[in-house]
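In what follows, a structure is listed as structure tokens, so that the remarks can point back to it.
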Amino acid sequence: MIKIVDLHKSFGKQKVLKGVNLEIHKGEITAIIGRSGSGKTVLVKHIVGLLKPNKGHIFVDGTDITRAGAKELKKVRRRFGMLFQEAALFDFMTVGENIAFPLREHTKLSEREINQIVKEKLKLVGLPNIENKMPSELSGGMKKRVGLARAIVLEPEILIYDEPTTGLDPVTSASIYELILEMESRLKITSIIISHDVPTIFAVADKVAVLSQGQIAICDESQKVFQSDNPEIQNFLTAQIKRFHGKLSQFWTQGISG
Ligand SMILES: Nc1ncnc2c1ncn2[C@@H]1O[C@H](COP(=O)(O)OP(=O)(O)O)[C@@H](O)[C@H]1O
Ligand SMILES: [Mg+2]
């Protein structure tokens, strides 16, 4: 569905992507993991056409979006939904207005139709009847869910989640992953998830791609990546698992003491 070929991107002298090759298959969940600052966000911004590469191609069902004109790009972009790291809700709008925003921008639906879709999407993410609340009244996990409702409002075929659980506790994180799996099975959405949540992400993803030194070091079934004998990948995974255990024990300690 998406094929990335020899993608290069530099900012000034800093080479971030140095020949990325990656294929994303329809209906699968592909996780992109890698150290902080390795270029994961930069890579997905290319996939949705927010950044232009210095070199290379990105084919979405055969259309090279790095060469596409504005009109063609707009058409391809509508097929993507993106949930950014900070959920990025407009804090001056109600939850309902936030979710309705892409519908008002991209469709000519009536207010009645828009309200109905907003209700339906909020129900889907497990937050029925909160359309009149302001984002400031919501917890971190609820904000992510509202961000997800907004990301799926135009019924995208491909959903990109950039660190959907960063800043959330382990229990809330697990509920977000459940929701991601539900999106995949109920809406048949192709998903790309950037995440640090080793080992959870290996249970959720069909394929795991490791971005390292500007290239995809490995992309394979999650089990194969987990068992890879590449020492750099093993070091990274071990460090992330330690981090996860740290987070978990901190959560339980805080839970017991307070
Ligand atoms: N618009 C930009 N201008 C200059 N440098 C950038 C820009 N976007 C990202 N970078 C740099 O590219 C590198 C990779 O960033 P990023 O993709 O955000 O990493 P991560 O893997 O943590 O998502 C970082 O060193 C970052 O500072
Ligand atoms: Mg990032």
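Every number here is computed from the coordinates shown, using simple stated rules; none is lab data. This one's a predicted model, so the numbers in the text were calculated from it and none came from an experiment. We place every Cβ from the backbone using ideal geometry, glycine too, and count neighbours over all the protein chains shown.
Per-structure values
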quantity: Which numbered condition V146 fails, given (1) in contact with a Ser or Thr (Cβ under 8 Å, 6 or more places away or on another chain); (2) within 20 Å of G126 (Cα to Cα); (3) more than 16 Å from ligand 1 (Cβ to nearest atom); (4) among the aliphatic types (A, V, I, L, M); calculated: (1)
quantity: Conditions (1) free of Cβ contacts under 8 Å to residues at least 40 places away in the same chain; (2) farther than 30 Å from Q227 by Cα: number failed by T165; calculated: (2)
quantity: Residue match in the stretch 50-61 (condition: within 16 Å of ligand 1 (Cβ to nearest atom), assigned to a loop (DSSP other than H, G, I, E, B) and within 17 Å of the chain's Cα centre (by Cα)); calculated: yes
quantity: Top-ranked residue in the stretch 191-242 [being assigned to a helix (DSSP H, G or I) and among the small types (G, A, S); ranked as surrounded by the most Cβ atoms within 10 Å (Cβ to Cβ)]; calculated: S222
quantity: Residue tally, condition outside any helix (DSSP H, G or I), surrounded by 15 or more Cβ atoms within 10 Å (Cβ to Cβ) and among the charged types (D, E, K, R), over the stretch 162-190; calculated: 3
quantity: Residue list for the stretch 62-109, filter: more than 19 Å from the chain's Cα centre (by Cα), surrounded by fewer than 16 Cβ atoms within 10 Å (Cβ to Cβ) and in a loop (DSSP other than H, G, I, E, B); calculated: G62, R67, G69, D91, F92, M93, T107, K108, L109
quantity: Pairs, first under 12 Å from L22 (Cα atoms) and of a type outside the set (G, A, S) in the stretch 190-218, second part of a loop (DSSP other than H, G, I, E, B) and away from ligand 1 (no atom under 16 Å from the Cβ), C-beta under 7 Å, six or more apart; calculated: K207/E28; I218/S228; I218/N230
